[in-house]
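Notes follow once the structure below has been shown.
Computed from the coordinates by the stated procedures, all read-outs in this text should not be read as laboratory data. Being a predicted model, the structure only gives us computed values, none of them experimental. Please note: Cβ atoms are built from the backbone with ideal geometry, for glycine as well, and neighbour counts cover all protein chains shown.
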Amino acid sequence: MVSRTTPEGAVQHAVLDYLARLELQGKLIFWRTNNTGVWDARRQCYRKPQGPGARLGVPDIMVVVPPLGRLVALECKAPKGVQSKPQEGFQRAHEAIGGIYAVVRSLADAEAALSQALTSDRA
């Protein structure tokens, strides 16, 4: 569950609620990525993702926008939050293959990224 008590959690929760409404209307599909490592009780620490397909820096939310299935990556941040180096690397790779990536600090930022995806697909 996304925490609403932190500024970043509040942004993420607002964006997830908005996307859920749009998905119910058949306008897109989305999923949230749980980026927290797995707790290892024996080692008393979180383990980072490992193995094929495991990747650091994956954004909080991925959205598929019609009509062409454009993939939009949304990284939720608090007003003063900054991306980690792996997040910056994912952003570069995602944009290099034509994806849209946005650091969102508000619902308006997420709406702007989705609007960009819809507009760029029509071009």
Along the Cα→Cβ direction, 7 angstrom out, place labels at Thr33 and Gln116. What is the inter-label distance in nm? 1.7 nm
Springs between alpha-carbon pairs under 10 angstrom, Gaussian network model over the chain: which of Gln83, Gln44, Gln12 fluctuates most? Gln44
Can you run phi through the Karplus equation (6.51, -1.76, 1.60; θ = phi - 60°) for the stretch 78-83 and list ³J(HN,Hα) in whole Hz, with x for Gly and Pro? 5, x, 10, x, 10, 6
Compute a Gaussian network model of the chain, connecting alpha carbons closer than 10 Å, and tell me which residue from Ile29, Ile97, Ile61 fluctuates the most. Ile97
Here the percent of antiparallel bridges among DSSP beta bridges lying wholly in the chain, to the nearest 5, is 70 percent
Rounded to whole Å, give me the distance from the Cα center of the stretch 8-27 to that of the stretch 59-123. 14 Å
0 to 90° range, to nearest 10: angle between helix 7-24 axis and the chain longest Cα axis: 50 degrees
